[in-house]
Amino acid sequence: EDFKFFHPAEAISPASNSHHFLFSAATGAACVFVVRRDQDIYMETLRKLFNESHGIFVGLQRCEEERAARARNAQLVQVSKNYRSVIRACMEDMHQAASKSVLSGQRFSAFFFQVSILSAMELIWNLCEILFVEAAPAGPLLLRLLDWVQLHICDVDNMVREVLSSENPSKHKLFWNVVDIFVLQGRMDEARHLLSKEAIANPTSMKMYKILDDLMKKMPLGNTQTLTEMELKWQHWHEECQRYLQDGTFASNSHMESICKILLGDENAILEKKELMTTWYHFLVTRLLYSHPTVKPMELRFYAQSSMDMFLGEESSPEPLDTILMAAFEFELHQVIKECSVALSNWWFVAHLTDLLDHCKLLQSHNLYFGSNMREFLLLEYASGLFSHHSLWQLGVDYFDHCPEYGRVYLELHIERIPLNTEQKALKVLRICEQRQMHEQVRSICKIMAMKALRNNRLGSALSWSIRAKDAAFATLISDRFLKDYCERGCFSDLDLIDNLGPSMLLSDRLTFLGKYREFHRLYGEKRFSEAARLLLMLMTAHIAPCSFWMTLLTDALPLLEQKEVIFSAEQTYELMRCLEDLTAGKLDRQKFQDDDVETMKVEMLRLALARNLARVIVKEGTLEGS
């Protein structure tokens, strides 16, 4: 299948999480293509990449700014290697997963495509690490590039195993191919080890082998010497190789003669091994190794361009990967990031690489291309993609946190669009908002959850959310529901919540009444009747209780009025009588009591109980005064 790359930003704007539908009119049938931001976010096989790189990113942001420049540079190189190790671990996991399961043709194509993308990402990142993060100088630069080629050109390993496992390695058809690849990659010790097997098998070539082995052994590749010493030693070694070739020392063995020509940097001899190198950048590093081992970083662009032209020829056009690597060799950071954004299938790579390069102080002059901070632009895009996933959105929060200009705005927009499917998820989102003092979002989340709980008749949860939102109107509404529920059932639900309202009950008058009314029931249950009586009377005389609830309160007073011990004083009894008269004499709802026999009976019972209590209290108080 052909895979088409497109820039994610061209498909979906960063502020939208919705799907975009593209209609195709090219065919007779109606086709709908669903385009989603960062489709790779939804691949299970890439979950490790996103999760583990998040920890590396956060650790990098928290590094000590005052650390010495050299120590900071070493730390940034280690961070870069950590990112690469995550990419490689992800590739290994994908290989293991594929080996344990049988993949269909379509799934295998998608799997192979993803592995190739990860491989390209590591290849590019490693080169950027050498050129930009580590900024290797002349001398060590070539050694780093050799390591780069050896790490990413792995075909030779399979060939080596095949050759060494044979009965007579030197007679194997791939023997000289393996020796040539070792030489082309600068792996001299391994090449000499294989050549020793050839010398043992063919004593007649022993002299040639010893000379070639000595040349390969003396090749100056160390990085402990100064650049001048390196150039001087390399010049002497080069002249010695030239002398042996001109003397015809290896004329009787075409393979050894070819190796000697490669050691001399003969471009034609190296190009003859084109099939073994497979890529132009391998050819570039081999060419530099044997022709310009002390190449300076800013000279790379010239050698890279000529090497690509020589290797690919005029007929072939460079692939996107070639363009990206060439931009890196030319030290065009902006072009590297731009080309990677277009060619790669997600924002992960460019976001993390740009952040690392920004910490290396390399992007200040490149921000003009974007009109703002390029690092922040790419991190915002990546984090926006994470927020479209049901669990990875939590990683996106930290990326927004470290975008000083627009991160807060993006986080506020995206946090409001997270579906609050469960109370646990809502609490996670709420905790994030509270930590960042996002007061509007906190209120919005609490209101949404309170409304959901109320619709499901979970009054305790609804009240808890409304208190957390500091929404007085909603708390009043739910308190009314609690009181209505109490009137219908004769008991309260969610007692633990109501008993522990604390200062929260001051949010609204109705909530205050609910808390105090529950306290009245608790005092009554503990047989603290005098305190319960005072609280009940206060709820009515201070007008904390809703008028519609007065009859219930007066009815609650009946058991206290009928106690053997006098609870209410004469003054308190008169207050209760006044409240009852206000309720029945027209100030509140007189028509209700005229039409309702039950209410009329309650009123008569209350009047009788109040009269009896007044008589008892007068006798008691009069007796006390007389004595």
(message) Cut-off is 10 Å between beta-carbons; in what order do 422, 249 appear when sorted fewest neighbours first?
(response) 422, 249
(request) List, in order, the whole-Hz ³J(HN,Hα) value for each residue of segment 402-412 obtained from phi through the Karplus relation with A = 6.51, B = -1.76, C = 1.60 and θ = phi - 60°; use x for Gly and Pro. (result) 9, 10, x, 7, 10, x, 4, 5, 4, 4, 4
(request) Rank-order 136-143, 286-293 by packing density, defined as the average count of other C-beta atoms within 10 Å over each peptide's residues, highest first. (result) 286-293, 136-143
(request) Go through segment 552-567 residue by residue and turn each phi into a ³J(HN,Hα) via Karplus (6.51, -1.76, 1.60, θ = phi - 60°); whole Hz please, and just put x for glycine and proline. (result) 5, 5, 5, 5, 5, 6, 3, x, 6, 5, 8, 5, 4, 7, 6, 9
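Looking at segment 149-295, I'd like the Rg to Rh ratio, where Rg is from alpha-carbon atoms and Rh is Kirkwood's inverse mean 1/r.
0.95
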(request) May I ask you to sort 298, 374 by Cβ crowding, counting other Cβ atoms within 10 Å and putting the fewest first? (result) 298, 374
(request) State, to one decimal in nm, how far the label point of residue 119 lies from the label point of residue 232, with both points 7 Å from Cα in the Cβ direction. (result) 4.5
(message) If R₀ is 25 angstrom, what is the calculated FRET efficiency for the pair residue 428 and residue 457, using the beta carbon separation as r and rounding to 0.05?
(response) 0.50
(request) Give, as a single signed number, the net charge of other residues whose beta carbon lies under 14 Å from the beta carbon of residue 334, with Lys and Arg counted +1 and Asp and Glu -1. (result) -2
(message) On a full-extension model of 0.36 nm per residue, what is the gain between residue 171 and residue 82, subtracting their alpha-carbon distance, rounded to one decimal in nm?
(response) 27.8 nm
(message) Can you order the peptides 456-463, 378-385 by their average number of other Cβ atoms within 10 Å per residue, highest first?
(response) 378-385, 456-463
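Using 0.36 nm per residue of separation minus the Cα-Cα distance, give me the extension gain between residue 71 and residue 239 in nm, one decimal.
56.4 nm
Would you mind ranking 280, 465, 148 so that the residue whose beta carbon has the fewest other beta carbons within 10 Å leads the list?
The order, fewest Cβ neighbours first, is 148, 280, 465.
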(message) Just to verify a number: FRET efficiency for residue 417 and residue 135, C-beta to C-beta distance, R0 = 51 Å, to 0.05?
(response) 0.75
(request) Please work out the C-alpha center-to-center distance from segment 534-563 to segment 182-210 and express it in whole Å. (result) 106
(request) Could you tell me which of rounded, prolate or oblate describes segment 246-326, using a ≥ b ≥ c as the square roots of the eigenvalues of the alpha-carbon gyration tensor, with rounded for a/c under 1.5 and, failing that, prolate when a/b is larger than b/c and oblate otherwise? (result) oblate
(message) Quick check: from the Cα gyration tensor, does segment 382-438 come out rounded (a/c under 1.5), prolate or oblate?
(response) oblate
(request) Just add up the charged neighbours of residue 443: K/R +1, D/E -1, any other residue whose Cβ is under 10 Å from the Cβ of residue 443. (result) +1
(message) Using each residue's phi in segment 157-167, evaluate 6.51 cos²θ - 1.76 cosθ + 1.60 at θ = phi - 60° and report the 3J(HN,Hα) Karplus result to the nearest Hz, with x for Gly and Pro.
(response) 4, 5, 5, 4, 4, 5, 5, 6, 7, 7, 5
(request) Give the distance, in whole Å, between the Cα centre of segment 292-360 and the Cα centre of segment 124-138. (result) 11
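Given axes a ≥ b ≥ c from the Cα gyration tensor, I'd like to know whether segment 422-511 is rounded (a/c under 1.5), prolate (a/b larger than b/c) or oblate. Present the calculation step by step, with values, prior to reporting the outcome.
Working: a/c = 2.16, a/b = 1.73, b/c = 1.25.
Cα axes put segment 422-511 in the prolate bin.
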(message) Could you check the spin-label model distance between residue 597 and residue 201? Points 7 Å from the Cα along Cα→Cβ, value in nm.
(response) 11.7
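None of the figures in this text is laboratory data; all of them are computed from the coordinates on show. Everything quoted here is computed from the prediction, not taken from an experiment. All Cβ positions, even for glycine, are placed from backbone atoms using ideal geometry, and neighbour counts span all protein chains on display.
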